[in-house]
Amino acid sequence: MADPRVLHVITDPRARGAQRLARDLHRELLRRGQPSELAALHPHPDAAPDAPVPVLGPSRHHPATLRALRRAAARADVVVAHGSSTLMACALGLFAARTPFVYVNIGDPRHWTADPLRRLRVGALLHRAAAVAAISPHAADVLRTRFRLPARRLHTLPNARPADRFPPAADRAAKTAARAELGLPADAPLIAWVGALSPEKRPDLALAAHALLPESAGVHLALAGEGPLRPALAPGPRTHLLGPLADPAPLYRAADLLLLTSDSEGVPGVLIEAALAGLPAVATDVGWVSDVVRPGEGGLLVPPGDPAALATALRTLLAADRTPYAAAARSHALAHFDLAAVTTAWQRLLRAVARPRP
């Protein structure tokens, strides 16, 4: 029996969380010989100009976008909708279509459906999906109870990254070379922060925590990303705003720690990437961050919104022998979040859900 033809739908061509998983899964399916296409609902000004992703229409729910989505889906046996913005588009655009769709829930639904009316609307849309993939068993529990989804349509498929794309720094020379590539100091302690410069990611909290570290320690903070908060950020001394990075792997190799300061997350890909690169993390304990960062093993977790707690955790890890933390983080990521094993699980789900070919 031939593997089903898959269409992955993302919101826009930017390289963000849901989009990264979709791209990686798409590439891995192609590598395995399975027919797979990738399409974005609409363009975005922050997308890389060379991003080779076809765009379906002018906006996510525009009639022309939905018509193009329906035409593209007719060429596939199953559609995978990555991220919350794609849910309504697929529920509307594929209404009464022969091609089923699988919705991938990336974030924490408790955060983005706090409003009762929004919860009712999202629940109705979720019931249109042939299957819903949750990136954590805890997320699956929330989806089942919050939206009354039947257990048979819920599947836990972890967020994932290709391990070979995020190798640890082989030695100090490799770390120094990565820093030189990014224009960062060769010898100072370095904390990395990677994400969208948006309110829920709290880059301001990263700056506040960094400012609480003693000046005598000489710790530098490098923030990689772009977003609406960029003009409002006031970086202090020893702070580096790198802008968006096409490939964050050199920053992971360059850094001593990763810092995540979000108010809301699902299972952050940036934590998986850093763990695969052998980089311990200090992170806010939100969503299902603890699926990746096991406290006291691969890093430390603190309550959200507390710069003093973040600064204390950063000081603790910077002063510690980080070798055991790095080894534990990488070992856990390889066992649970490597793309190869996760793709195999995805293939089983896609075969079960896809429409039969004539």
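The values are calculated or read from the model by the stated rules, or taken from the named source; none is laboratory data. Computed from a predicted structure; not experimentally measured. Cβ atoms come from the backbone with ideal geometry, glycine included; neighbour counts cover every protein chain shown. These area figures cover heavy atoms from the full protein model, side chains too; ligands, DNA and RNA do not enter into them. Shrake-Rupley method; radii C 1.70, N 1.55, O 1.52, S 1.80 Å.
Taking residue 73, is it of a type in the set (Gly, Ala, Ser), touching a Ser or Thr at 6+ places or on another chain (Cβ under 7 Å) and assigned to a helix (DSSP H, G or I)? Spell out how you get there, then give the answer.
Working: of a type in the set (Gly, Ala, Ser): yes; touching a Ser or Thr at 6+ places or on another chain (Cβ under 7 Å): yes; assigned to a helix (DSSP H, G or I): yes.
Spelling it out, residue 73 is indeed of a type in the set (Gly, Ala, Ser), touching a Ser or Thr at 6+ places or on another chain (Cβ under 7 Å) and assigned to a helix (DSSP H, G or I).
Quick check on residue 141: is it at negative phi and part of a helix (DSSP H, G or I)? Give the derivation first.
Details: at negative phi: yes; part of a helix (DSSP H, G or I): yes.
Judged against the criteria, residue 141 is a match.
So which residues in the range 145-162 are in a helix (DSSP H, G or I) and surrounded by fewer than 19 Cβ atoms within 10 Å (Cβ to Cβ)?
145, 146, 151, 152, 153
More than 20 Å from residue 318 (Cβ to Cβ) and in contact with a Pro (Cβ under 8 Å, 6 or more places away or on another chain): is that true of residue 225 in this structure?
Here the answer is yes, as residue 225 does meet what is asked.
I'd like the full set of residues that are closer than 18 Å to residue 245 by Cα, assigned to a loop (DSSP other than H, G, I, E, B) and open to solvent by 20 Å² or more (accessible area, probe 1.4 Å), limited to the range 1-46.
14, 15, 16, 44, 45, 46, listed by residue number.
Considering (1) touching a residue at least 40 places away in the same chain (Cβ under 8 Å); (2) closer than 26 Å to residue 260 by Cβ, say which one residue 186 fails and leave the rest.
Among (1) touching a residue at least 40 places away in the same chain (Cβ under 8 Å); (2) closer than 26 Å to residue 260 by Cβ, residue 186 violates only (1).
Restricting attention to the range 74-118, which residues are in contact (Cβ under 8 Å) with a residue 12 or more places away in the chain, open to solvent by 80 Å² or more (accessible area, probe 1.4 Å) and under 24 Å from the mean Cα position of the chain (by Cα)?
Listed by number, the residues that qualify are 110, 111.
Taking the residues in the range 313-332 that are crowded, with 16+ Cβ neighbours inside 10 Å and in contact with a strand residue (DSSP E or B) (Cβ under 8 Å, 6 or more places away or on another chain) as candidates, determine which candidate is farthest from residue 156 (Cα to Cα).
Of everything passing the filter in the range 313-332, 318 is farthest from residue 156 (Cα to Cα).
Output yes when any residue across the range 253-266 is touching a His at 6+ places or on another chain (Cβ under 6 Å), among the small types (Gly, Ala, Ser) and modelled with pLDDT under 95, and no when none is.
yes
Could you check, for the range 52-73, whether at least one of its residues is over 16 Å from the mean Cα position of the chain (by Cα), open to solvent by less than 20 Å² (accessible area, probe 1.4 Å), modelled with pLDDT under 95 and of a type in the set (A, V, I, L, M)?
Within the range 52-73, one or more residues are over 16 Å from the mean Cα position of the chain (by Cα), open to solvent by less than 20 Å² (accessible area, probe 1.4 Å), modelled with pLDDT under 95 and of a type in the set (A, V, I, L, M).
May I ask you to say which residue of 138, 127 is open to solvent by 60 Å² or more (accessible area, probe 1.4 Å), touching a residue at least 60 places away in the same chain (Cβ under 8 Å), of a type outside the set (Lys, Arg) and out of contact with any helix residue (DSSP H, G or I) (no Cβ under 7 Å at 6 or more places or on another chain)?
Result: 138 is the single residue among 138, 127 that is open to solvent by 60 Å² or more (accessible area, probe 1.4 Å), touching a residue at least 60 places away in the same chain (Cβ under 8 Å), of a type outside the set (Lys, Arg) and out of contact with any helix residue (DSSP H, G or I) (no Cβ under 7 Å at 6 or more places or on another chain).
Can you tell me which residue is nearest to residue 304 (Cα to Cα) among those in the range 183-208 that are among the small types (Gly, Ala, Ser) and out of contact with any strand residue (DSSP E or B) (no Cβ under 6 Å at 6 or more places or on another chain)?
208
Of the conditions (1) in a loop (DSSP other than H, G, I, E, B); (2) open to solvent by less than 70 Å² (accessible area, probe 1.4 Å); (3) not basic (Lys, Arg), residue 187 clears all except one; give me its number.
(2)
For the range 239-329, please list each of the strands (runs of 3 or more DSSP E) lying entirely inside it that holds at least 3 residues being within 27 Å of residue 133 (Cβ to Cβ).
Ranges flagged: 281-284.
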